[in-house]
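Enquirer: First, the structure itself, so that you have it in front of you.
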Amino acid sequence: MTAPKSRRPYGCEASLDDWLLDRLAAYLHREADTLEPDVPLAEYGMDSVMAMSLCGDLEDELGLEVEPTLLWDHPTIDSLRARLATLWAFRSSSSPWPSRSPSAPVPDGRRP
């Protein structure tokens, strides 16, 4: 499916929101302004194939790594927006992973 173009370049929360609404509208064959933010996307006809495709779009086009269950865990536009904004902010931060002190134990309990 060819996605509609966003109204602004990606890189800020507002344009991420535009991208999301445009993409959801394309998958659901609706105008973006007809999608209510608190209505479960399944009520508009979102199915597992569309959900997986959207996850792939998020990863391929925006570089956001998401779980395949993203749309089931965040079933409305509002909850999806909030999750994606968090992921976007995390991705955009200059130091996304907290540094580990050299003496901190690694997961198996040994010290490096």
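Values quoted throughout were computed directly from the atomic coordinates according to the rules given, and no laboratory measurement underlies them. Every value quoted in this text rests on a predicted model; they were computed, and no experiment measured them. Because the Cβ atoms are built from the backbone with ideal geometry, glycine has one as well, and the counts that use them run over all protein chains shown.
Enquirer: Give me a count of the residues in region 30-70 that are in contact (Cβ under 8 Å) with a residue 12 or more places away in the chain and farther than 19 Å from Phe90 by Cα.
Expert: Summing the residues that are in contact (Cβ under 8 Å) with a residue 12 or more places away in the chain and farther than 19 Å from Phe90 by Cα in region 30-70 gives 17.
Enquirer: Same structure, new question: Among the listed residues Val66, Val39, Val49, identify the single one that is out of contact with any strand residue (DSSP E or B) (no Cβ under 9 Å at 6 or more places or on another chain) and closer than 14 Å to Leu87 by Cα.
Expert: Unique residue meeting the criteria: Val66.
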